[in-house]
Amino acid sequence: MNSNILKWALRIIAAIILLQTLYFKFTGAPESIYIFTTMGIEPWGRIGSGVVELIASILLLIPRTTWLGAALALGTILGAIASHLFVLGIEVQGDGGQLFMLAVVVAICSAALLWMEWAAVSNFIKTRKF
C-alpha cells in the first residue's frame with residue numbers, strides 16, 4: 001500500500017509541475033519567449049515542448065500508462081536540464097534557479113516512476129516484435 005501512495009505522490013508532483021508551466025508556454029509569457037529565443041527555437045520549441053509535456057502529464061496520471069508518461073517526461077525534462085546547464089544557466093531572468101530545480105524534481109519523480117514500473121516497461125519491450 002505504501003508503494004501505491006508513493007507512486008501516486010510521484011505522479012501528481014511531476015504532473016502538477018509539468019502542467020503549471022503550460023500556461024506560460026501556451027500564452028507566450030515573456031519569460032518563456034526569452035528562454036526559447038535564447039535557445040533559437042522560438043516559437044516551435046516552446047509550443048512543441050508544451051504539447052509533449054501535456055501528453056506526458058496525462059499519461060503519468062493514468063496508472064496503465066504511467067511508465068510511458070514517465071519516460072516521455074524524463075526525456076523532455078533532461079533536455080530542459082541540459083538547456084539550463086549549457087545554454088541558459090541555472091538562474092534565468094532572476095528566478096533564483098526555480099525553473100531548474102523544478103526540472104530536477106520532475107526528472108527525479110520520472111526516473112523513480114520508471115524504476116518502480118520497470119515490470120511494465122519490460123513487458124512492453126518483450127511483447128514487441130522488432
Scope the range 69-97; condition of a type in the set (S, T, N, Q), surrounded by fewer than 16 Cβ atoms within 10 Å (Cβ to Cβ) and closer than 15 Å to LEU18 by Cβ; matching residues: none
Conditions (1) loosely packed, with under 13 Cβ neighbours inside 10 Å; (2) modelled with pLDDT of 95 or more; (3) under 19 Å from MET116 (Cα atoms): number failed by ALA56: (1)
Test result for ARG46, surrounded by 15 or more Cβ atoms within 10 Å (Cβ to Cβ), within 15 Å of the chain's Cα centre (by Cα), basic (Lys, Arg) and under 25 Å from TRP115 (Cα atoms): no
Candidate set: the range 1-48, residues that are basic (Lys, Arg) and out of contact with any Gly (no Cβ under 7 Å at 6 or more places or on another chain); chosen: the one nearest to PHE100 (Cα to Cα): ARG46
Residue list for the range 78-102, filter: part of a helix (DSSP H, G or I) and of a type in the set (D, E, K, R): none
Selected residue (only one of LYS25, LYS129 is at pLDDT below 95 and not hydrophobic (A, V, I, L, M, F, W, C)): LYS129
Test: residue in the range 103-123 that is in contact with a helix residue (DSSP H, G or I) (Cβ under 9 Å, 6 or more places away or on another chain), modelled with pLDDT of 95 or more and not in a helix (DSSP H, G or I): no
Identity of the residue in the range 1-20, assigned to a helix (DSSP H, G or I) and without any contact (Cβ under 8 Å) to a residue 40 or more places away in the chain, that ends up nearest to ILE108 (Cα to Cα): ALA9
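Listed residues THR66, THR37; which is assigned to a helix (DSSP H, G or I) and surrounded by fewer than 21 Cβ atoms within 10 Å (Cβ to Cβ)?
THR37
The values are calculated or read from the model by the stated rules, or taken from the named source; none is laboratory data. Values in this document were obtained by computation on a predicted structure and should not be read as measured data. Methodologically, a virtual Cβ is constructed for each residue, glycine included, from the backbone with ideal geometry; neighbour enumeration extends over all protein chains shown.
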